[in-house]
Amino acid sequence: MQIVAVVSQKGGVGKTTLAIHLATLFSRAGKNTVLLDLDPQASASSWSDRRKEDIPVVISTHAKRLLSELDRVAQNDGEIVLIDTAPHSDPIALEAMRHANLVLIPTRPSILDIDAIVSTLQLAKLAEKDVLVVLNACPARGQDPIEATTAITDLEVEVSHSSLTQRIGFARSLLYGKTVLEMEPTGKASIELQALGHHINQKLQLLGEHNYVTE
């Protein structure tokens, strides 16, 4: 079982939207995928309530029950677990990181957002986990993503070569309990998401499976 913690100590970077879309992407690829919603706002769970499809499975829980939920998913042959965490909560973020194979840190390509990922990187270092930063909500034109990649790389952390552009389809699709994969399957947003998913899959294959802390 492979576990991905989607973490950002800053709100407004599209963390939950990214977690939902990746969980749906992996599910549609035939992976037994579960999205664990640790955010007290339960936005991912609310999206799941609006959704007619059975996949991905979304479970609302809290940090104290995280290990029990991971054990339950493993016993039911879970293959990929995404953990959506709460912003501004070090204990929840750290607990999710402790059990993860890979930590995804989404950020917008602005200097204020990039500065804000430093605290999240410090938590990941404390948890001794591999990190992949994902540029999210990038402007369709301009040099912002390139400049942001350079700035983040200077922090000695890997940046995904696949970024996501600011597109209304990401947010709009969630209103209907869907994702861009279903509403715009051949659109640019879906193509970008699939490229990101491919990169994450490559990372997970290198990191191995069933790496969560058991006590």
Report task. Among residues belonging to segment 43-66 that are of a type outside the set (Gly, Ala, Ser) and in a strand (DSSP E or B), point out the one that is most open to solvent (accessible area, probe 1.4 Å). Result -> Val57
Report summary line: Within segment 130-148, residues being in contact (Cβ under 8 Å) with a residue 40 or more places away in the chain and not hydrophobic (A, V, I, L, M, F, W, C) number 2
Query raised in the report: Has segment 90-97 got any residue that is closer than 25 Å to Lys178 by Cβ, open to solvent by less than 50 Å² (accessible area, probe 1.4 Å) and in contact with a helix residue (DSSP H, G or I) (Cβ under 9 Å, 6 or more places away or on another chain)?
Result: no
Report task. Looking only at segment 120-148, count how many residues are assigned to a loop (DSSP other than H, G, I, E, B) and polar (S, T, N, Q). Result -> 2
**Report entry** Filtered residues of segment 7-26 (kept if open to solvent by less than 10 Å² (accessible area, probe 1.4 Å) and either part of a helix (DSSP H, G or I) or over 19 Å from Ala137 (Cα atoms) (or both))
**Finding:** Leu18, Ala19, Ile20, His21, Leu22, Ala23, Thr24, Phe26
Report task. Inspect segment 106-119 for any residue being within 27 Å of Asp90 (Cα to Cα), surrounded by 16 or more Cβ atoms within 10 Å (Cβ to Cβ), hydroxyl-bearing (Ser, Thr, Tyr) and at pLDDT 95 or above and give the result as yes or no. Result -> yes
Requested in this report: Test each condition in (1) exposed (fewer than 13 other Cβ atoms within 10 Å of the Cβ); (2) in a helix (DSSP H, G or I); (3) of a type in the set (A, V, I, L, M) for Leu196 and report the one that comes out false.
Outcome: (1)
Query raised in the report: Taking the condition open to solvent by less than 70 Å² (accessible area, probe 1.4 Å), assigned to a loop (DSSP other than H, G, I, E, B) and among the hydroxyl-bearing types (Ser, Thr, Tyr), does Ser190 pass?
Result: no
Report summary line: The residue from Val180, Val134, Val159 that alone is crowded, with 19+ Cβ neighbours inside 10 Å and touching a Pro at 6+ places or on another chain (Cβ under 6 Å) is Val134
Query raised in the report: Can you tell me which of Ala74, Ala151, Ala96 is over 17 Å from Ala23 (Cα atoms), part of a helix (DSSP H, G or I) and touching a residue at least 40 places away in the same chain (Cβ under 8 Å)?
Result: Ala151
Requested in this report: Would you check if Pro145 is open to solvent by 10 Å² or more (accessible area, probe 1.4 Å), closer than 20 Å to Thr17 by Cα and not charged (D, E, K, R)?
Outcome: yes
Query raised in the report: Residues of segment 27-42 being assigned to a helix (DSSP H, G or I) and open to solvent by less than 50 Å² (accessible area, probe 1.4 Å), which ones?
Result: Ser27
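The values are calculated or read from the model by the stated rules, or taken from the named source; none is laboratory data. Small disclaimer: the values here were computed from a predicted structure and weren't measured. Methodologically, a virtual Cβ is constructed for each residue, glycine included, from the backbone with ideal geometry; neighbour enumeration extends over all protein chains shown. Just so you know, the surface numbers come from the protein's heavy atoms only, side chains and all, with ligands and any DNA or RNA stripped out. Shrake-Rupley method; radii C 1.70, N 1.55, O 1.52, S 1.80 Å.
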